[in-house]
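Colleague: This structure is in structure tokens; I'll ask about it shortly.
Derivation of every value follows stated rules applied to the coordinates shown; laboratory data play no part. Worth saying up front: this structure is predicted, and the values here are computed from it rather than measured. Note: ideal-geometry Cβ built from the backbone for every residue, glycine included; neighbour counts use all protein chains shown.
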Amino acid sequence: MEKFQYTITDEIGIHARPAGELAKLAKEFQSKITIKTETKQADAERLMAVMALGIRHGQTVTVETVGPDEKEAAEAVQDFFQAKL
Amino acid sequence: MEIIKGKSILNKVAIGPILYHRKTESQVKRRTVEDTEAEVKRYETAVACAEDELKTLHEKACEQVGETGAAVFEVHMMMLEDADYRDSVLNIIRNQKTNAEYAAAVTGDNFYRLFADMSDEYFRARAADVKDITDRLVKILSGDAVESGFLTQPVILMAEDLAPSETVQLEKNMLLGFITEQGSPNSHTAILARSMNIPALVSVEVKESWDGKMAVIDGETGTLYVDPDEETLATMEKKKQAEEEKERLLQELKDKEDVTLDGTKVKLYANIGDVSDVAEVLKSNAAGIGLFRSEFLYLEKKTYPTEEEQFAMYRQVAEMMAGKEVIIRTLDIGADKQVDYFKLKKEENPAMGYRAIRICLTRPEIFRTQLRAIYRASAFGKISIMFPMIASLWEVQKAKEIAASVRDELKEQGVPFGNVAIGIMIETPAAAIISEDLAKEVDFFSIGTNDLVQYTLAIDRQNEKLDEFYDPKHPAVLRLIRFVAESGHKHGCMVGICGELGAETDLTEEFLKMGIDELSVSPSFLLKVREKIRQTDLTK
């Protein structure tokens, strides 16, 4: 399992568009990618579930990847967060 | 006439007849099906069809309102692909043996509620998106065509709610504005309205009886007038014309240089009182801020603003202006600007009383706090300092001395600060007359015409009875301005005007011929003055 933490700098938070792009990205990997807040979690492939986490500006999330390409997946998602969120 | 308040999406006026748009609710009936896999297939086909529709809408929206406004349809496409949504629909079809329309409607409802109950306004507004994609699917499944282009004359469109896919399909040139009962200022519909640049009011309790009636939306106050009386109509027409004029100026002039026909460059700056004014300054692309009235921060507080509070505000303005000059006028309190916690005694003649630099020099602790904040902020942009209400040479020397000791203190503490120009306001006749001596002390002058006129003519500018005597363009004033420009330039001192006279376009040419280097005006006058500068030829 790979794991990293990220604090959202986007003004709105994880909003619809990046959540959609994240879902697309997550589908490219075999590994299961999970976005976790303190109390809830969602599969990154599932746009509505990720949005329903209601993650806002300044909130810190933990991202976990599990699977054969977990390392690459974690790197790709981390790059995505830094670029878009 | 009926007057109704709503939440305004765009600060503009719209005048026209109301068209009430009734939404045709597709009634979704539950049917039991035998062949559930056939329903699943129907659903898959409907999704593909919806995606096609959304693609077309996305293209259309890109053309009409640009990428940002069109992004909503991309989001809808992504939502349609969402695995949870899809799983839920398929589950209902298979387990409850129902028709696809019903399964989609139930799923849509559940997701709608999921978002509608969220505490954050942005996420709550996504409920409308869920509803929009669900309605689209249900319509396709039940064979209803998505309606389009039903407007035949320019109207203010009124509806309980407008889905983004509906707003973008409306003929843009037929739409004057819209009024809805639903929709938050964060909804996609609102975002589209903004990018289409049409006024809109949301949270209005709409009445069917308004259909066809004349109406006015005043976006500035968030007011809807149904059946406006003649007076209201005339006022609003005027307001609309002024807006259109402003818009025209903005389109033509926002990115143009402030240069005369003969090639003389002029510094066109803006006067601001608060951080919130900066947006307008940036929109008109002013070359700097010629007067930042720092007293705003003092006036809105119940006690002295701290160094940190002031620093944060100055820094923000400096950073927003990104390297363009920001001239901060030190505290100008007293006279017509009273603050309780300063505990100033009531005066017989406050305009000539204990105010501005006179307070700063006798209560240096207040002055030092402000100067420290300004100097610290100067590490984040190009900041200049300006002292108000100067009448004597020693006042300037004393103020500079305090500024120098603040710099020493910061240096000692290792606190960074930038290179800060120091200037003064010329707003007393005394300062104007000794301007040659003053010019040797400072980097720039800024002529505060409001007070200069009042003190030169000995006329209280707040006394309406004196209006006929109050002449801001009095030859005495203009001669003083000319004299200040000449004396300043003799000693390499930049000379600007930051009073209301600076925005008088019939004086612009005269000022520029006097050699005034900088005109600082209220943000709403920037473009008018820019237009005038660009029409002026100083060789003639």
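Colleague: Please list 3J(HN,Hα) in residue order for the range B:376-385, calculated via the Karplus relation 6.51 cos²θ - 1.76 cosθ + 1.60 where θ = phi - 60°; whole Hz, with x for glycine and proline.
Modeller: 4, 5, 5, 6, 10, x, 9, 10, 10, 10
Colleague: With +1 on each Lys and Arg Cβ and -1 on each Asp and Glu Cβ, and nothing else charged, work out how big the dipole of the protein assembly as shown is about its Cα centre, in Debye to the nearest 20.
Modeller: 1220 debye
Colleague: Tell me the relative contact order for chain B as a rounded percent, counting alpha carbon contacts under 8 Å between residues six or more apart. Could you put the intermediate results ahead of the total?
Modeller: Details: 980 pairs, mean separation 74.2, N = 540.
The normalised contact order for chain B reaches 14 percent.
Colleague: Could you tell me which of B:Thr505, B:Tyr341, B:Leu480 has its Cα farthest along the dipole of the range B:258-535 towards the positive end, charges placed at Cβ (Lys, Arg +1; Asp, Glu -1), taken about the Cα centre?
Modeller: B:Tyr341
Colleague: Taking H placed 1.01 Å from N in the peptide plane, check which residues at least 5 places from B:Ile272 or on another chain put their amide H under 5 Å from its amide H.
Modeller: Here the answer is B:Leu291, B:Phe292, B:Arg293, since their amide H atoms fall under 5 Å of that of B:Ile272.
Colleague: Using the Karplus equation 6.51 cos²θ - 1.76 cosθ + 1.60 (θ = phi - 60°), what ³J(HN,Hα) coupling, rounded to whole Hz, does each residue of the range B:82-89 give in order, writing x for Gly and Pro?
Modeller: Once rounded to whole Hz, the list reads 4, 5, 5, 4, 4, 4, 5, 4.
Colleague: Order of B:Lys213, B:Lys465, B:Lys532 from fewest to most other C-beta atoms within 10 Å?
Modeller: Sorted ascending by nearby Cβ count, the order is B:Lys465, B:Lys213, B:Lys532.
Colleague: Just how large is the dipole of the range B:25-141 about the Cα centre, in debye to the nearest 20, putting +1 at every Lys and Arg Cβ and -1 at every Asp and Glu Cβ?
Modeller: Taking the Cα centre of the range B:25-141 as origin, the dipole is about 520 debye.
Colleague: Of A:Phe4, A:Val77, A:Gly54, whose Cα points farthest to the positive end of the dipole of the range A:2-84 (charges on the beta-carbon: +1 Lys, Arg; -1 Asp, Glu; origin at the Cα centre)?
Modeller: The Cα lying farthest towards the positive end belongs to A:Gly54.
Colleague: So what is the relative contact order for the range B:258-535, in percent, with contacts set as C-alpha pairs under 8 Å and at least six apart?
Modeller: Across the range B:258-535, relative contact order equals 20 percent.
Colleague: Sort B:Ile533, B:Ile426, B:Ile366 by Cβ crowding within 10 Å, fewest neighbours at the top.
Modeller: On the way: B:Ile533 25, B:Ile426 34, B:Ile366 18.
The most exposed by this proxy come first: B:Ile366, B:Ile533, B:Ile426.
Colleague: Right, another one. If you take the C-alpha gyration tensor of chain B, multiply each eigenvalue by 5 and take the square root, what semi-axes do you get, largest first, in whole Å?
Modeller: In descending order the semi-axes read 59, 27, 21 Å.
Colleague: Between the helical axis of B:307-320 and the dominant principal axis of chain B, each derived from Cα atoms, what acute angle in degrees is found, rounded to the nearest 10?
Modeller: 70 degrees
Colleague: Sticking with this structure for a sec: So for the protein assembly as shown: antiparallel DSSP bridges make up what percent, rounded to the nearest 5?
Modeller: 45 percent
Colleague: Between B:Ala379 and B:Val415, what is the label-to-label distance in nm when each label sits 7 Å out along the Cα-to-Cβ direction?
Modeller: Computed distance between label sites B:Ala379 and B:Val415 equals 0.9 nm.
Colleague: Just grab the label-to-label distance for B:Leu361 and B:Asp443, each label 7 Å out from Cα along the Cβ direction, in nm (one decimal).
Modeller: According to this spin-label approximation, the distance is 2.2 nm.
Colleague: Please list, in chain and number order, the residues 5+ apart from B:Lys324 or on another chain whose amide H is under 5 Å from its amide H, with Hs placed from the backbone.
Modeller: B:Lys382
Colleague: Once you place label points 7 Å from the Cα toward the Cβ at B:Ser392 and B:Gln462, how far apart are they in nm?
Modeller: Modelled inter-label distance: 2.6 nm.
Colleague: Give me a comma-separated list of calculated 3J(HN,Hα) values for the range B:36-45, in order, Karplus coefficients 6.51, -1.76, 1.60 applied at θ = phi - 60°, integers in Hz, x for any Gly or Pro.
Modeller: Karplus-based 3J(HN,Hα) across the range B:36-45 equals 5, 5, 5, 5, 4, 4, 4, 5, 4, 5 Hz.
Colleague: Under the rule of at least 5 residues apart or a separate chain, name every residue whose amide H is placed under 5 Å from the amide H of A:Asp69.
Modeller: For A:Asp69, the qualifying residues are A:Gln30, A:Ser31.
Colleague: Quickly estimate the mean residue ellipticity at 222 nm for chain A, helices only: each DSSP H run with n ≥ 4 gives -39500 (n - 2.57), and the total goes over all residues, rounded to 500.
Modeller: Roughly -12000 deg cm²/dmol at 222 nm, from the helical runs in chain A.
Colleague: With point charges of +1 on the Cβ of Lys and Arg and -1 on the Cβ of Asp and Glu, referenced to the Cα centre of the protein assembly as shown, which listed residue (B:Ile140, B:Thr45, B:Gln454) lies farthest in the positive direction of the dipole?
Modeller: Positive-most Cα among the choices belongs to B:Gln454.
Colleague: Now, a different point. Pairing the Cα long axis of helix B:127-141 with the longest principal axis of chain B, what angle in degrees results, from 0 to 90 and rounded to the nearest 10?
Modeller: So the inclination is approximately 30 degrees.
Colleague: For peptide B:74-85, what's the mean number of Cβ atoms from other chains within 10 Å of each residue's Cβ?
Modeller: Mean partner-chain Cβ count within 10 Å for B:74-85: 6.
Colleague: Okay, next question. Could you grab the Rg to Rh ratio for the protein assembly as shown? Cα atoms only, Kirkwood for Rh.
Modeller: 1.07
Colleague: In addition: Can you tell me the orientation of helix B:475-490 relative to chain B, as the angle in degrees between its alpha-carbon axis and the longest Cα principal axis, to the nearest 10?
Modeller: Approximately 80 degrees, to the nearest ten.
Colleague: Can you put B:Lys337, B:Lys411 in order of Cβ neighbours within 10 angstrom, beginning with the fewest? Present the calculation step by step, with values, prior to reporting the outcome.
Modeller: Values: B:Lys337 16, B:Lys411 12.
With the fewest neighbours first, B:Lys337, B:Lys411 line up as B:Lys411, B:Lys337.
Colleague: Based on DSSP H runs of at least 4 residues, each adding -39500 (n - 2.57), what is the mean residue ellipticity at 222 nm of chain B after dividing by all its residues, to the nearest 500 deg cm²/dmol?
Modeller: It comes out at -15000 deg cm²/dmol, rounded to the nearest 500.
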